[in-house]
1. When region 95-104 is examined, which residues are found to be outside any helix (DSSP H, G or I) and of a type outside the set (D, E, K, R)?
2. Quickly run through region 56-94 and pick out the residues that are open to solvent by 60 Å² or more (accessible area, probe 1.4 Å), in contact with a strand residue (DSSP E or B) (Cβ under 7 Å, 6 or more places away or on another chain) and either within 15 Å of Gly131 (Cβ to Cβ) or in a loop (DSSP other than H, G, I, E, B) (or both).
3. Starting from region 35-54, keep only residues that are among the aromatic types (Phe, Trp, Tyr), then list their pairs with residues that are open to solvent by 20 Å² or more (accessible area, probe 1.4 Å) whose Cβ atoms are within a distance under 6 Å, requiring at least 6 positions of separation or different chains.
4. With in contact (Cβ under 8 Å) with a residue 60 or more places away in the chain, over 16 Å from Leu185 (Cβ atoms) and not small (Gly, Ala, Ser) as the only criterion, which of Glu284, Glu315 stands out?
5. Which of (1) in contact (Cβ under 8 Å) with a residue 40 or more places away in the chain; (2) in a helix (DSSP H, G or I); (3) surrounded by fewer than 15 Cβ atoms within 10 Å (Cβ to Cβ) does Tyr328 not meet, given it meets every other one?
6. Might you check whether a residue that is open to solvent by 40 Å² or more (accessible area, probe 1.4 Å), part of a helix (DSSP H, G or I) and either of a type in the set (Ser, Thr, Tyr) or touching a Gly at 6+ places or on another chain (Cβ under 8 Å) (or both) occurs anywhere in region 18-31?
7. If I ask for residues that are open to solvent by 20 Å² or more (accessible area, probe 1.4 Å) and over 14 Å from Thr190 (Cα atoms), which ones from region 225-239 would you list?
Amino acid sequence: MRTIRFLLQKEFRQIFRNRSILTMIMVMPVMQLIILPLAANYEVKNINLAVVDHDHSSYSQKLVAKITSSGYFRLTGYHPSYNESMHQIESDDADLILEIPANFERNLIREDQEKLLVAVNAINGVKANLGGAYLGNIIRNFNADVRFQFFPAAKFAAEPVIEITSSNWFNSYLNYRVFMVPGILAILVTMIGGFLSALNIVKEKEVGTIEQINVTPIRKHHFILGKLIPFWLLGNVVFSLGLLVSWLVYGIVPVGSLALLYGFISVYLLAVLGLGLLVSTFCETQQQAMFIMFFFMMIFVLMGGLFTSIDSMPEWAQTVTRFNPVSYLITVMRMVILKGSAFRDIAPHLGIVAIFAVVLNSWAVLNYKKSS
């Protein structure tokens, strides 16, 4: 314990000596947690709509007004022909084209049906799918309004109707920020812990102080613990700041136990820091360590379930995510913060992360080459 205490004193002096790095550790995650949820938006708005109205009737005007008043579409203009509106899609000035045929109002009233043409710019698949779905839903609502206006209610009462009443649990207003903020906080804690620990031992190698440590009677596990504990504490501080920002800025208060969250994040940080220290034992320069950690972080972020559901991935990708510690943290963060899950619910995830921590840190101790 005396040896570890001296090593911790050395590490903390090095950390607090570099004020700029310490400021970046504290300030950058806070700024990113404030900005990123505002940009990482699942809602698609300001969809540019070009209208080709061959009818110029009151019904066509009401339909266009209903679409633009929804708040999701932005009218780029009326065009006399479909070909002219296509020029706007080709120049990326429009995302959708709505063509209203001639005699739209007359056919809708007299013949009880009419067809509309919707052309979607599908270069951006997400925007195309959601934009087309939004527009289709608005047109269906407009059609329902027309039917109720011209046909008596008794006619519809004779038909069997299924009504659906939805109840949104854990996120009543479907606010995407409530879903994204815990996941983004998990990514930030991972990046801070992973990159700092990966650069630590390599920095000792570049400066040359590692040679002085190697000739001392310090055991390898003491050395790894001396590198691990300071960044473990900093990771918990970053996590605490993230929870504070989530509450002050977004009003997100964990439904579950804070002690359970800190218990899981403590074990998780051991796994992430162990990975960083393991990478650091393999590398000779900070540039090598940065590139290797960047490789892992890209996989962790894109295959961690932050932006896309793991269940929708191919089977081989789902297998890969089982070895991705970030996926377990994101899942547990959302379970505890949004659902209020108890220990028995997260116990399987905690066990897997604990195995990661033991394996990675043991590997880092064994791989650290020391001569005395």
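1. Result: Leu96, Ile97, Leu98, Ile100, Pro101, Ala102, Asn103.
2. Tyr72, Arg74, Leu75, Asp93
3. These pairs meet every condition: Tyr42/Tyr176.
4. When all the criteria are applied, what remains is Glu284.
5. Exception for Tyr328: condition (3).
6. yes
7. Of everything in region 225-239, those that are open to solvent by 20 Å² or more (accessible area, probe 1.4 Å) and over 14 Å from Thr190 (Cα atoms) turn out to be Leu225, Ile229.
Residue-wise test of (1) surrounded by 20 or more Cβ atoms within 10 Å (Cβ to Cβ); (2) of a type in the set (Val, Ile, Thr).
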residue	(1), (2)
Ala186	yes, no
Glu204	no, no
Gln212	no, no
Phe223	yes, no
Leu243	yes, no
Val249	no, yes
Pro254	no, no
Leu258	no, no
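The values are calculated or read from the model by the stated rules, or taken from the named source; none is laboratory data. For clarity, every value in this text was computed on a predicted model and none was experimentally measured. Methodologically, a virtual Cβ is constructed for each residue, glycine included, from the backbone with ideal geometry; neighbour enumeration extends over all protein chains shown. With ligands, DNA and RNA removed, areas are computed over all heavy atoms of the protein, side chains included. Shrake-Rupley method; radii C 1.70, N 1.55, O 1.52, S 1.80 Å.
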